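Single-structure report; data block below.
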Amino acid sequence: MIADDDRCLPWLAAMSDWEFNSITLDIGRPETEDEEERRSQRARRAWAVLMGMPAPDNAALLWKLDQLLGSVSNSGCENWGAEFLAQTVADYRRLLSPAYSK
């Protein structure tokens with residue numbers, strides 16, 4: 001997914017942290033509401049770290065844009081509507097995907 005060089009290492013570490021914390025949300029039922037809230041907070045913090053980092057390459061930028069715009073109903077862009085954003089989403093996915101060549 002991401003080029004393997006030094007500038008990508010912080011991104012890869014943060015992505016691993018987010019993936020781990022996201023998975024823990026789906027594994028088993030926490031014994032208490034406090035534990036459920038802690039899991040949720042860890043996942044949100046890990047996501048915020050990724051979103052706050054510079055994207056080291058196109059694949060990372062594609063992931064960030066998908067997080068923000070890929071699911072319009074969860075992106076905060078509901079007022080724009082899926083039809084309005086559809087072409088922009090299709091454009092960035094096409095132009096930033098590894099299969100695209102200039």
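Here, each number is a calculation from the coordinates, and none is a lab measurement. This is a predicted model, so every value here is computed, not measured.
Derived scalar couplings between HN and Hα for region 18-34 equal 5, 4, 4, 5, 5, 5, 5, 5, 9, 8, x, 9, x, 6, 9, 5, 4 Hz in order, rounded to whole Hz, by the Karplus curve 6.51 cos²θ - 1.76 cosθ + 1.60 (θ = phi - 60°), x for Gly and Pro.
Each residue of region 39-49 was assigned a 3J(HN,Hα) from its phi angle through the Karplus curve 6.51 cos²θ - 1.76 cosθ + 1.60 (θ = phi - 60°); the sequence is 4, 5, 5, 4, 5, 5, 5, 4, 5, 5, 4 Hz, with glycine and proline shown as x.
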